[in-house]
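The values are calculated or read from the model by the stated rules, or taken from the named source; none is laboratory data. No experiment lies behind these values; they were computed from the predicted model shown. A quick note on method: Cβ atoms are made from the backbone with ideal geometry, for glycine too, and the neighbour counts reach across all protein chains shown.
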Amino acid sequence: MTLNGMLQILVYFGVILLITKPLGAYMAKVFEGEKTLLGRVLRPFELLIYKLCGIHEDEDMRWSTYAVAMLLFSVVGMVLTYALLRTQGMFNMFGWNPQAFGGKDMPPDVAMNTAASFATNTNWQNYVPEMTVSYFSNMVSLAIHNWMSAATGIAIAVALIRGFSRRSAKGIGNFWVDTVRATLYVLLPLAFIGGIVFIAGGVPQNFLPYQIVTTIEGAKQTIAQGPVASQEIIKMLGTNGGGFFNANSAHPFENPSNFINLLQIIAIFCIPAGLTYTFGKMVGNTRQGWAIFSAMSAMFLCGAIACNVAEQTGNPFVAQAKVMTEQTATQPGGNMEGKETRFGIGASTLFATVTTDASCGAVNGMHDSFTPLGGLVPLFNILTGEVIFGGVGAGLYGMLMFAVIGVFIAGLMVGRTPEYIGKKIEKFEVQMSMLAVLVLAASILGFTALSTNTTYPPGATAQTFDDKHAADEAKLPTLASWNHVNGSTPSNYEGATTNNTNNGGAHGFTEIFYLYASSTGNNGSAFAGITGNTPHYNVTGMFAMLIGRFLMIIPLLAIAGSLAAKKRVPESSGTFATDSGTFVVLLIGVVILINVLTFFPALALGPIVEHFKMVLMKPPI
Amino acid sequence: MQDILYIAMGLLFFAVAVAYVHGCEKLKGSTPDE
């Protein structure tokens, strides 16, 4: 590992550590309804929203009502997004659509995949944004979900915290109030300041048509632009990750400099890290929050270092080809394939680790081009359920789920009824936690198995048809269209779903595995190297995203409701201290053990076997 | 026609999710605390 790489990790972590307490304390005030400095300005708007929407601020919801409100909010947003994407050609006024993109650019399957993707905070993109989506669609139907899905995640985390902090209560808060407060008091101020800084740093914010320029070589090049900064900041703050451009944060307009790159990864972690302190504050013991923060930090640092070391070590095949892989004063060494030269190995591996620890999914380098172990780190981060700081809200509620399982296991070992934050953890809480764990595993492994074993017509070999062979194309069975690449010229029928990968063997398997891990984990980063814009991948990906989001949240809200109704058990000499180092180690152990037990066979088939083939200098297939 | 099919798929999932909420609630009802 280089000094540069180590310093980047340490400086970044130091900044996150500094932000955690003040931001966390502020969010605790916001969600406990206390007065804040921003309240003077924002409270009238908050009250106006309640009045316009008929929200009763003091109404407390049972967990099931809270869950149904969240589902209703999401389904309405998802269907509206679908409708707007399919009709985007109608909104051409005021410079909203200078490239005249229409509904035909968004076929039904990819429009539904996109709608589910943004409603679930995943932001998986099976389309090329700058060639498909109008400014109107970007700002109204997509970016709005960056706000709403993030606010929903924060609301769910706060509801779960209330489960621990309340005693003998029927309700866990009000979903609408929590969502409005998360948007107005947390996301809006941070996004406003961050957006201005991004614009000052060179991120475009305009409604101009794309510019056609002549390059130095004399070729014509189209330069895409638009309202990028406003989407970019919430993409990071809300751990959404959907890019304005296909290259995402590797594009110089989305990520113009190393300074903006640093701000982007700070924006990803700041709210999830702050929420750990919010948790401690709201349950009345900030050490509980720091314990969660410590577990997350240890796993983050291990992942960041491992990814950096793997990429800096490089690929022996490259060294064999007489390419220098040692770092010198003039070149970075290691594995630079798929990385921006502006960022190098240090900033690329740190970004990859942060974006997959959180459920962000923005990328500034292509994970498909990482070495097998370098690529294993982002994949493993996603498979943990993204609890290493995680998505806004999602990381905390995911980690609290593992905490419940952890104290249950500890209780089994010492023969005591487990307790966490003074609440007895009983059969129902463990059932719900395991349900959430199993739903994620079933989705990831089930869809991966399906897509590594499905063959549509024309069969094992893909076929393409140009205009001259349209008659032959028409003879294909209807089922063939399920793996037809949308908008392909010539018309491309992939047949077997393994044909959609760019690579065969272990790496091809990882491309499919990563797709469903990223979708179910609501991460949205692409390992890349897979042609996902076919009805098969759009539909299975859509269900993976919906399952990963909602079928995990519902059991956790059930836990919140169950815990809120319980009395607080006074601490005794036999109480397992959950603000201790022992608990931190236990929590890390539970997260790693559950994920290794669940996913090791699949990881062995993918990056692990690929690594051994690489170090033994065997051909990849 | 395809639009209706895909919207129906999305709505079907949310109908299942509401049933899932109900299922969890029933499970809670049948699991008394100690």
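Among A:Ile161, A:Ile154, A:Ile144, A:Ile193, which is out of contact with any strand residue (DSSP E or B) (no Cβ under 7 Å at 6 or more places or on another chain) and free of Cβ contacts under 8 Å to residues at least 24 places away in the same chain?
Result of the check over A:Ile161, A:Ile154, A:Ile144, A:Ile193: A:Ile193.
Being over 21 Å from A:Ile156 (Cα atoms) and of a type in the set (Val, Ile, Thr) is the filter; apply it to the stretch A:19-38 and report the residue that is farthest from the chain's Cα centre (by Cα).
Across the stretch A:19-38, the extreme among qualifying residues is A:Thr36.
Consider only pairs whose beta carbons are under 7 Å apart and that are at least six residues apart or on different chains; among these, list those whose first residue lies in the stretch A:448-473 and is in contact (Cβ under 8 Å) with a residue 40 or more places away in the chain and whose second residue is in a helix (DSSP H, G or I) and surrounded by fewer than 13 Cβ atoms within 10 Å (Cβ to Cβ).
A:Tyr456/A:Leu479
So A:Ile444 passes all but one of these: (1) assigned to a helix (DSSP H, G or I); (2) surrounded by fewer than 19 Cβ atoms within 10 Å (Cβ to Cβ). Which condition number does it fail?
So the condition that A:Ile444 fails would be (2).
Yes or no: the stretch A:284-300 includes at least one residue that is among the β-branched types (Val, Ile, Thr), out of contact with any Cys (no Cβ under 8 Å at 6 or more places or on another chain) and modelled with pLDDT under 95.
Checking the stretch A:284-300: not a single residue is among the β-branched types (Val, Ile, Thr), out of contact with any Cys (no Cβ under 8 Å at 6 or more places or on another chain) and modelled with pLDDT under 95.
So which residues in the stretch A:63-85 are aromatic (Phe, Trp, Tyr) and more than 7 Å from every other protein chain (Cβ to nearest Cβ), if there are any at all?
Hits for the stretch A:63-85 are A:Trp63, A:Tyr66, A:Phe73.
If you scan the stretch A:88-118, which residues turn out to be at the interface with chain B (Cβ under 10 Å from one of its Cβ atoms) and not aliphatic (A, V, I, L, M)?
A:Gly103, A:Pro107, A:Pro108, A:Asp109, A:Asn113
Counting only residues that are closer than 30 Å to A:Arg287 by Cβ, give me the helices (runs of 4 or more DSSP H) lying completely in the stretch A:504-621 with at least 1 of them.
A:535-564, A:581-603
For the stretch A:85-98, state whether one or more residues are outside any loop (DSSP other than H, G, I, E, B), in contact with a helix residue (DSSP H, G or I) (Cβ under 9 Å, 6 or more places away or on another chain) and at positive phi.
yes
So A:Thr313 passes all but one of these: (1) closer than 28 Å to A:Ile388 by Cα; (2) surrounded by 20 or more Cβ atoms within 10 Å (Cβ to Cβ). Which condition number does it fail?
Exception for A:Thr313: condition (2).
Here are some residues: A:Thr122, A:Thr214. Which one is crowded, with 24+ Cβ neighbours inside 10 Å and among the hydroxyl-bearing types (Ser, Thr, Tyr)?
Within the list A:Thr122, A:Thr214, the selection yields A:Thr122.
What single numbered condition from (1) more than 22 Å from A:Gly163 (Cα to Cα); (2) surrounded by fewer than 18 Cβ atoms within 10 Å (Cβ to Cβ); (3) within 24 Å of the chain's Cα centre (by Cα) fails to hold for A:Met434?
Condition not satisfied by A:Met434: (1).
Would you check which residues across the stretch A:460-508 are among the small types (Gly, Ala, Ser) and either in contact with a strand residue (DSSP E or B) (Cβ under 7 Å, 6 or more places away or on another chain) or crowded, with 19+ Cβ neighbours inside 10 Å (or both) and list them? Talk me through it step by step, then tell me what you get.
Going residue by residue through the stretch A:460-508, those that are among the small types (Gly, Ala, Ser) are A:460, A:462, A:470-471, A:474, A:480-481, A:487-488, A:491, A:495-496, A:504-506, A:508.
Listed by number, the residues that qualify are A:Ala460, A:Ala462, A:Ala480, A:Ser491, A:Gly495, A:Ala496, A:Ala506, A:Gly508.
Tell me which residues, restricted to the stretch A:551-561, are crowded, with 24+ Cβ neighbours inside 10 Å and facing chain B (nearest Cβ under 7 Å).
Of everything in the stretch A:551-561, those that are crowded, with 24+ Cβ neighbours inside 10 Å and facing chain B (nearest Cβ under 7 Å) turn out to be A:Ile554, A:Pro555, A:Ala558.
Filtering the stretch A:246-297 down to residues that are small (Gly, Ala, Ser) and closer than 17 Å to A:Phe351 by Cα, which residue is surrounded by the fewest Cβ atoms within 10 Å (Cβ to Cβ)?
The first filter runs over the stretch A:246-297 and keeps only residues small (Gly, Ala, Ser), leaving A:247, A:249-250, A:257, A:267, A:273-274, A:280, A:284, A:289, A:291, A:294-295, A:297.
Of the ones still in play, those that are also closer than 17 Å to A:Phe351 by Cα are A:247, A:249-250, A:257, A:267, A:273, A:297.
Details: A:Ala247: 19, A:Ser249: 26, A:Ala250: 22, A:Ser257: 14, A:Ala267: 26, A:Ala273: 29, A:Ser297: 20.
So, considering only residues that are small (Gly, Ala, Ser) and closer than 17 Å to A:Phe351 by Cα, the one surrounded by the fewest Cβ atoms within 10 Å (Cβ to Cβ) is A:Ser257.
Any idea which residue in the stretch A:165-193 is surrounded by the fewest Cβ atoms within 10 Å (Cβ to Cβ), counting only those that are of a type outside the set (A, V, I, L, M) and part of a loop (DSSP other than H, G, I, E, B)?
A:Ser168
Does A:Gly39 meet the test of being touching a helix residue (DSSP H, G or I) at 6+ places or on another chain (Cβ under 8 Å) and under 30 Å from A:Met542 (Cβ atoms)?
Numbers: touching a helix residue (DSSP H, G or I) at 6+ places or on another chain (Cβ under 8 Å): yes; under 30 Å from A:Met542 (Cβ atoms): no.
So A:Gly39 fails the test.
Only one of A:Lys339, A:Lys322 is more than 16 Å from the chain's Cα centre (by Cα) and modelled with pLDDT of 90 or more; which?
A:Lys339
Scan the stretch A:317-339 and tell me whether some residue there is assigned to a helix (DSSP H, G or I) and on the phi > 0 side of the Ramachandran plot.
no
When the residues of the stretch A:348-369 are filtered to those that are closer than 25 Å to A:Val615 by Cα and touching a strand residue (DSSP E or B) at 6+ places or on another chain (Cβ under 9 Å), which remaining residue is surrounded by the most Cβ atoms within 10 Å (Cβ to Cβ)?
A:Thr349
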